[in-house]
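Peer 1: First the structure, then my questions, so here it is.
The values are calculated or read from the model by the stated rules, or taken from the named source; none is laboratory data. The structure presented is a predicted model; accordingly, all values stated were derived computationally and were not measured. When we count neighbours, we look across all protein chains shown, and the Cβ atoms used for this are built from the backbone with ideal geometry, even at glycine. Accessible surface areas use protein heavy atoms only, side chains included; no ligands, DNA or RNA. Shrake-Rupley method; radii C 1.70, N 1.55, O 1.52, S 1.80 Å.
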Number of protein chains: 2
Amino acid sequence: MIQLDLNHAFLKEDVKAYQDQVRAIDEALQNGTCKGNDFIGWLNWANNYDKEEFSRIKEVAAKVRENTEVFVVCGIGGSYLGARAAIEMMNGLYGDNKPEIIYMGNTFSSTYISQVMNHIKDKEVTVNVISKSGTTTETALAFRILKQFMEEKYGEDAKNRIIATTDKARGTLKALADKEGYETFVIPDDIGGRFSVITPVGLLPIAVAGIDIDALMKGLHEGMGEYGDADLEKNPAYRYAVARRILQNQGYDVELLVNYEPQMQMVAEWWKQLFGESEGKDGKGILPDSVCFSTDLHSLGQFVQEGKKVLFETNLYVETPMIDLTFPNDEANEDGMNYLAGKSVDWANKMAAKGTLQAHEETGGVPNILLTMPGMTSYDFGNMCMFFFKAIAMTTLMNDSNPFNQPGVEVYKKNMFKLLGKE
Amino acid sequence: MIQLDLNHAFLKEDVKAYQDQVRAIDEALQNGTCKGNDFIGWLNWANNYDKEEFSRIKEVAAKVRENTEVFVVCGIGGSYLGARAAIEMMNGLYGDNKPEIIYMGNTFSSTYISQVMNHIKDKEVTVNVISKSGTTTETALAFRILKQFMEEKYGEDAKNRIIATTDKARGTLKALADKEGYETFVIPDDIGGRFSVITPVGLLPIAVAGIDIDALMKGLHEGMGEYGDADLEKNPAYRYAVARRILQNQGYDVELLVNYEPQMQMVAEWWKQLFGESEGKDGKGILPDSVCFSTDLHSLGQFVQEGKKVLFETNLYVETPMIDLTFPNDEANEDGMNYLAGKSVDWANKMAAKGTLQAHEETGGVPNILLTMPGMTSYDFGNMCMFFFKAIAMTTLMNDSNPFNQPGVEVYKKNMFKLLGKE
């Protein structure tokens, strides 16, 4: 369970003053009468998900792990960020990543696409194309290139190495998959892209990466209870939601998600979509931003410490690292580092975090919210999903906005289609 | 040369109204009488750099490329961001990266350090440790681990596979390097970390990555002239500097650097250090943030389009991509994508950029600054360095702050040393 500490947040209002509003919103969310109520399938997903399909994900993943050197995830936005966040968090950045996972279908960059195609050309490949409709341009463009490559490389067998995660019945991709005979998995109708990491959208790539998705679903399920209470005192997700609104009332327009583990940076990117796309509307919302400390203390640290006071920090601490190590002794001590000899490097990381909090809070005057996760396991990932899902739903509904749509994303598409000559 | 277009920036003041101030600051910068004048060595570096040392960089790099599978760059902040930005921009993310370049010494993460050490253990390794003093904790910690590894692996020969980039005479690392007999390169006294990519700090790793550093220095040199005029009309770097100040006067506290090439994302990280650390002080400055579109249109796009109006965008366009490709035809056209058949994918990327600009500007009301680079060559990289260096010096001096120090970075260190028990 994620622990929340608001003692460093400089809140000028009492969180509990929002209890009545929170209770009313929670009721509307549970009853399905809130704004965006056609997209709240994630709420009870940990109970309602298709168990047969879940087993099939594990079977397909096991087969892919046997015959594949590169697994290409072809999707954009929620159709790749969640999987990538989970896989990097749980496997680390230089883990024994077999198969290699590569993300395509999320860019028009000709260099990126060309280099990936060249990189995979002599390898055993499986492709997972992920799109509700099949018409998302970046993804459809990359998939046509991938499909032709797979058919040239594998002939008839290509269809056994392409997996489509898409709508259960309609759409271009579903029709194509049925015709070609691809294995398919379903994107539910009532779970939006940025919440979809807990569906086959995320679960298949995560399972292919060798991660225990049963534990992920268990963490999500436990989170339903742990972050399910309408009582603010018993619900850290809702307290966090309220604290954000109070801090924006105090004039802070940017939230900086801070982590101390490089393998958490894609979690931050996933969080940026979840938060920015949910509440960035109606001229409202807090701009989500992120850093990885202590690395970025040597880039953005100066601004946080002494620059204009536009942001607050939300620290996402991890209690138990994936791997710890003991700092070695050196008799000669020419580098003067023996004061750390025999100490845990993770302990040093935590002292850096503690010293930074103190610096930013006391000297810098920056509000800090503290979140602590027990570890970086798949259970923790699933549990964290529910924490952030509940928090963003509450905090956005407090703005009287719909947390589950993204009407602003259509504007660039409309302009682009015109420029591209699409009818 | 970088082209600047301010026609989409919604400036409410005339840039030219700042001509007198700009001229006075430029004079102080050129004369060395401005704030921070002990760190303006970068200004004339393209003329003054040590030619003998530059040749030695190329020789050493050639040798490393012959006998090395993994080149470990051990440094933090400016001592790794510049090199990584340059190498990713010029080689791409899935290029033929031989040797593999890995960055260490920039984190206390025990998982990251452990996984990298495991990843390199059976490979041929060369280490480049980069630190002015040798006492930067993250770097010294990683280097002790690397040094012991190299000595165990290579015995006596380890010293031929460790290269130190450090102070010319003083400091812990210089003393150690001299004692052990490491090859050394010099970090100049008058060029700060975030400007150091043009010195051996950046040049050695860049050369090891197989990139032409002569062209980089040529681009930097040409930039001295192109961005050297005190006349605003003749100097896009200074016009950009003034436009930023005007936009902050208009209430925008965040600058979002936008690119459309995944291989430019580390350039954005490097820019964030350069800008954030230079002007984020005295309670002033614009918070630097970044996105890669169209990828992140499916995460932060919604916020930019319809969220609270806290930011302006600075688009860093690239005219000629590293690699273009033609979108293939498909007779069946089941994906409905034939409207792009025969078209250049880079052209589609540019139409996405154009449609996005229109969406954010016209419908979203977001100010947009347009910067266009000719390409992603090493010449372009060197030239871009001078553009951003001149811009950030000017824009920070307009705030009456010192662009070249970073006093705020010391605060967390002081707290951390106490917690770590360092005397």
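Peer 1: Hey, for a label at A:Q3 modelled as a point 7 Å past Cα toward Cβ, could you say which residues of the stretch A:366-401 have their backbone N under 17 Å away?
Peer 2: Counting only backbone N, you get A:369-377, A:380, A:384.
Peer 1: For the stretch A:42-211, what does the accessible surface come to per residue with a 1.4 Å probe? Please give it in Å².
Peer 2: 33
Peer 1: Is the stretch A:290-380 best put as rounded, prolate or oblate by its Cα gyration tensor, with a ≥ b ≥ c the root eigenvalues, rounded for a/c under 1.5, and otherwise prolate when a/b is larger than b/c, oblate when not?
Peer 2: Taking the square roots of the gyration eigenvalues as a ≥ b ≥ c, the stretch A:290-380 is oblate.
Peer 1: When a/c is below 1.5 the answer is rounded, else prolate if a/b is larger than b/c, else oblate, so apply that to the stretch A:42-211 with a ≥ b ≥ c taken from the square roots of the Cα gyration tensor eigenvalues.
Peer 2: Rounded is the answer for the stretch A:42-211, as its axis ratio a/c remains below 1.5.
Peer 1: Follow-up question, since we're still on this one. Measuring nothing but label to label, 7 Å from Cα along Cα→Cβ, what are A:D229's distances to the other copies in nm, shortest first?
Peer 2: 6.8
Peer 1: In addition: As a check on your grasp of the helix formula, calculate [θ] at 222 nm for the protein assembly as shown: sum -39500 (n - 2.57) over DSSP H runs of n ≥ 4, divide by the residue count, round to the nearest 500.
Peer 2: That calculation yields -14000 deg cm²/dmol at 222 nm.
Peer 1: Let me make sure I get this right: for the stretch B:101-197, a, b and c are the square roots of the gyration tensor eigenvalues over alpha carbons, sorted descending. Under 1.5 in a/c it's rounded, otherwise prolate if a/b > b/c, else oblate. Which is it?
Peer 2: oblate
Peer 1: Still on this model: Compute the label-point distances linking B:D38 to its equivalents in the other copies; points lie 7 Å from Cα along Cα→Cβ; give nm, one decimal, shortest first.
Peer 2: B:D38 label point versus its equivalents elsewhere: 6.6 nm.
Peer 1: List, shortest first and in nm to one decimal, how far the label point of A:E151 (7 Å from Cα along Cα→Cβ) is from its counterparts in the other copies.
Peer 2: Spacings between copies for this position, smallest first, are 6.1 nm.
Peer 1: Continuing with this model, one more query. Check the axis relating chain B to chain A and name the residue of B whose C-beta is nearest, distance in whole Å.
Peer 2: B:D289, 3
Peer 1: Counting only protein heavy atoms and using a 1.4 Å probe, what share of the accessible area of chain A belongs to carbon plus sulfur, as a whole percent?
Peer 2: Result for chain A: 46 percent of the exposed heavy-atom area is carbon or sulfur.
Peer 1: If you line up the long axis of helix A:378-398 against the longest principal axis of chain A, both from Cα atoms, how many degrees apart are they, to the nearest 10?
Peer 2: Between helix and principal axis, roughly 80 degrees.
Peer 1: What total accessible surface area, summed over both chains, is buried at the interface between chains A and B, computed with a 1.4 Å probe and given in Å² to the nearest 100?
Peer 2: That pair hides around 9800 Å² of surface in total.
Peer 1: Kindly sort A:R56, A:R23 by accessible area of their heavy atoms, largest first, with the probe set to 1.4 Å.
Peer 2: Largest to smallest exposure gives the sequence A:R23, A:R56.
Peer 1: Take chain A, connect every pair of alpha-carbon atoms lying under 10 Å apart with a spring to form a Gaussian network, then pick out the residue of A:D26, A:D346, A:D122 with the largest mean-square fluctuation.
Peer 2: A:D122
Peer 1: Among the aspartates and glutamates, which fall within straight-line cross-link reach of B:K343, defined as a Cα-Cα distance under 17 Å, with same-chain neighbours fewer than 8 residues apart omitted?
Peer 2: A:E138, A:E423, B:E319, B:D324, B:D330, B:E331, B:D335
Peer 1: Too long at a 18 Å Cα-Cα cut-off: which of A:K16/B:K308; B:K132/B:K174; A:K308/A:K350; A:K168/A:K422?
Peer 2: A:K16/B:K308; A:K308/A:K350; A:K168/A:K422
Peer 1: Using Cα atoms only, what is the angle between the long axis of helix A:19-31 and the major principal axis of chain A, expressed in degrees (0 to 90) to the nearest 10?
Peer 2: Its long axis makes an angle of about 10 degrees.
Peer 1: Quick one: how many Å² of B:K422 are accessible to a 1.4 Å probe, rounded to 10?
Peer 2: Surface open to solvent at B:K422 totals about 70 Å².
Peer 1: Oh, and also: Heavy atoms only, probe 1.4 angstrom, no DNA, RNA or ligands counted: give me A:E69, B:E277 ranked by accessible area, highest first.
Peer 2: A:E69, B:E277
Peer 1: Relative to a virtual label point 7 Å from the Cα of A:D212 in the Cα→beta-carbon direction, which members of the stretch A:55-97 show backbone nitrogen distances below 15 Å?
Peer 2: A:90-91
Peer 1: Let me ask something else about it. Sequence neighbours fewer than 8 away in the same chain don't count; with that in mind, list the aspartates and glutamates whose C-alpha is under 12 Å from B:K123.
Peer 2: B:E69, B:E100
Peer 1: So, one more: Can you sort A:H8, B:H298, A:H221 by 1.4 Å-probe accessible area, starting with the largest?
Peer 2: Correct descending sequence by accessible area is A:H221, A:H8, B:H298.
Peer 1: Further, regarding this structure: Could you name the lysines whose alpha carbon sits less than 21 Å from that of B:K218, not counting residues in the same chain fewer than 8 places away?
Peer 2: Within the straight-line limit of under 21 Å, B:K218 reaches these lysines: B:K51, B:K58, B:K234, B:K390.
Peer 1: So how far apart, in nm, are the two label points at A:A62 and B:K422 if each is 7 Å from Cα heading toward Cβ?
Peer 2: 5.1
Peer 1: Could you work out, residue by residue across A:270-280, how many beta carbons of other chains sit within 10 Å of that residue's beta carbon, and then give the average as an integer?
Peer 2: Taking the mean over all residues of the peptide, I get 4.
Peer 1: Residues of B:141-152, mean number of Cβ from any other protein chain within 10 Å of their own Cβ, rounded to a whole number?
Peer 2: Partner Cβ neighbours, averaged per residue: 3.
Peer 1: Given a 10 angstrom Cα cut-off, can you work out which residue in A:K281, A:K350, A:K390 is the most mobile in a GNM of chain A?
Peer 2: With Cα springs under 10 Å in chain A, the top fluctuation among A:K281, A:K350, A:K390 is at A:K350.
Peer 1: OK, next. So, for the stretch A:325-393, what is the accessible surface per residue at a probe of 1.4 Å, expressed in square angstrom?
Peer 2: 29
Peer 1: For A:S79, tell me the accessible area in Å² from a 1.4 Å probe, rounded to the nearest 10.
Peer 2: Surface open to solvent at A:S79 totals about 20 Å².
Peer 1: While we're on this one: May I ask you to work out the translational diffusion coefficient for the stretch B:11-102 at 4 °C, viscosity 1.567 mPa s, via Stokes-Einstein with Rh from the Kirkwood sum over Cα pairs, reported in whole µm²/s?
Peer 2: Answer, rounded: 75 µm²/s.
Peer 1: Under the Karplus relation 6.51 cos²θ - 1.76 cosθ + 1.60, θ = phi - 60°, what is the ordered set of whole-Hz ³J(HN,Hα) values for the stretch A:275-284, x standing for Gly and Pro?
Peer 2: Ordered by residue, 3J(HN,Hα) equals 7, x, 6, 7, 10, x, 7, 6, x, 10 Hz.
Peer 1: Okay, moving on. For an R0 of 25 angstrom, estimate the FRET efficiency from the Cβ-Cβ distance between B:R170 and B:N44 and round to the nearest 0.05.
Peer 2: Efficiency, from the Cβ-Cβ distance: 0.55.
Peer 1: Can you give the Rg to Rh ratio of chain B, both from alpha-carbon atoms, with Rh computed by the Kirkwood formula?
Peer 2: Checking Rg against Rh, the ratio lands at 0.98.
Peer 1: For B:K147, tell me the accessible area in Å² from a 1.4 Å probe, rounded to the nearest 10.
Peer 2: 20
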